[in-house]
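Read-outs: derived from the displayed coordinates by stated rules, not from any lab. All figures in this text were calculated on a predicted structure; none of them were measured in a lab. Cβ sites come from the backbone with ideal geometry, for glycine too, and all protein chains shown count toward neighbours.
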Amino acid sequence: MKYITPSLFSSWAYWYNTDFSVYTGPDEAKDAARKDYLNSLARVQIDPTEAMLRGREFEQLVRDILDGADNVSASPLLNAGDIGRACTVAGAITPDCLWQAACKTECAGVVLYGIADAVNRGVVYDIKRKSSYDCPAYYESIQHLVYMRGLNLNEMRYLISTSGDFFTEDYQRDDALLESRVRGFLSHLNHDPEAKELWLKNWEFNGLTRLSAEEI
C-alpha cells in the first residue's frame, strides 16, 4: 500500500496552493516549489537548513530539560531566551509524557504515517521553533489530523517558540477534513503523471518503520 506523510502533503500544498504572484520573481519561486515537491516524491536527501537544525536543537533542549539534565545550555543556533521557552514547553508536556509516538492510519486507500513529538493525558504535542509566527500557522497542514487519528485521540497542541516569544495552536480531531484533504492530493496526483510516477516508485509502505525527520 502506498503512503503519505504530512511533510509530503505540505510540499505539494505549498507548490499547488501558494499565490506566487506576490513573490519577487514569481515564476522562479513557483518552479523552485515544484522542484522541492518532486524531490520529496523522489526521496532526494537534502542537507538540513539552519532553520531545521535550530528546530532539532530546540527540541533536544526540551528533552534535556524533561530528562533532568544538569547545566542545560543553548546551542549557538539558539539564544539565551530559548532556555526559558524550552522550560515552558517542557512544563506543558511534563516528564510523564510518551515521547516520539509513532502513528499510522489508513485513509482514502493509502497509509498516513507520522511521529508525534509527545503525548500526555490524551493530548498530542508538537514542538516548533520558528523565526517568526503568524496565526494560524498550521491550519492547512494535515499533521495534527494524522496524529490524532493515528493515535485515536481528539486534541493536539502545537507549542511554538520564536526568537522572542511563545505561542500555541490547538486543534480538534476532524477525520472528514483529513479524508477530504488526502483525496484532494490523490486527485491532483492522478492528473500529474510526472509526480505520480515518482510516488508509485518511492512511496510503498513496508511496515511501521522509522523515517527521518525530514520525511515526517
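For the condition farther than 26 Å from Asn17 by Cβ and either part of a loop (DSSP other than H, G, I, E, B) or in contact with a Ser or Thr (Cβ under 8 Å, 6 or more places away or on another chain) (or both), what is the one hit in Ile65, Ile160, Ile83?
When all the criteria are applied, what remains is Ile83.
Touching a strand residue (DSSP E or B) at 6+ places or on another chain (Cβ under 7 Å) and either surrounded by fewer than 12 Cβ atoms within 10 Å (Cβ to Cβ) or more than 21 Å from Trp199 (Cα to Cα) (or both): does that describe Gly84?
So Gly84 does not fit the description; no.
If Val119 passes every condition in (1) in a strand (DSSP E or B); (2) closer than 12 Å to Leu159 by Cβ; (3) of a type outside the set (Lys, Arg) but one, which one does it miss?
The number of the failed condition is (2).
One residue is enough: does the range 20-30 have a residue meeting the conditions closer than 30 Å to Val111 by Cα and within 17 Å of the chain's Cα centre (by Cα)?
Going residue by residue through the range 20-30, those that are closer than 30 Å to Val111 by Cα are 30.
From what's left, within 17 Å of the chain's Cα centre (by Cα): none.
No: the range 20-30 contains no residue that is closer than 30 Å to Val111 by Cα and within 17 Å of the chain's Cα centre (by Cα).
Got at least one residue in the range 148-165 being under 29 Å from Leu61 (Cβ atoms), within 15 Å of the chain's Cα centre (by Cα) and surrounded by fewer than 20 Cβ atoms within 10 Å (Cβ to Cβ)?
Yes - at least one qualifying residue is present in the range 148-165.
Kindly list the number of the only condition in (1) of a type outside the set (Lys, Arg); (2) within 18 Å of Ser10 (Cα to Cα); (3) in contact with an Asp or Glu (Cβ under 8 Å, 6 or more places away or on another chain); (4) in contact (Cβ under 8 Å) with a residue 40 or more places away in the chain that fails for Tyr138.
So Tyr138 meets the others, but not (4).
What number of residues in the range 1-39 are over 18 Å from Arg181 (Cα atoms) and assigned to a helix (DSSP H, G or I)?
Matching residues across the range 1-39 total 16.
Scan the range 39-64 and report the pairs whose first residue is of a type in the set (A, V, I, L, M, F, W, C) and whose second residue is part of a loop (DSSP other than H, G, I, E, B), with Cβ atoms within less than 6 Å and a gap of 6+ or a chain change.
Here the result reads Leu53/Leu77, each pair linking the range 39-64 to a residue that is part of a loop (DSSP other than H, G, I, E, B).
Only one of (1) more than 20 Å from the chain's Cα centre (by Cα); (2) farther than 30 Å from Asp175 by Cα; (3) without any contact (Cβ under 8 Å) to a residue 40 or more places away in the chain; (4) not in a loop (DSSP other than H, G, I, E, B) fails for Pro76. Which number is that?
With (1) more than 20 Å from the chain's Cα centre (by Cα); (2) farther than 30 Å from Asp175 by Cα; (3) without any contact (Cβ under 8 Å) to a residue 40 or more places away in the chain; (4) not in a loop (DSSP other than H, G, I, E, B) applied to Pro76, the lone miss is (4).
Could you list all residues from the range 70-116 that are acidic (Asp, Glu) and closer than 22 Å to Arg157 by Cα? Walk me through it before giving the result.
In the first step, residues of the range 70-116 are kept if they are acidic (Asp, Glu); the result is 70, 82, 96, 106.
The answer is Asp82, Asp96.
What about Ser73, is it at negative phi and surrounded by 15 or more Cβ atoms within 10 Å (Cβ to Cβ)?
no
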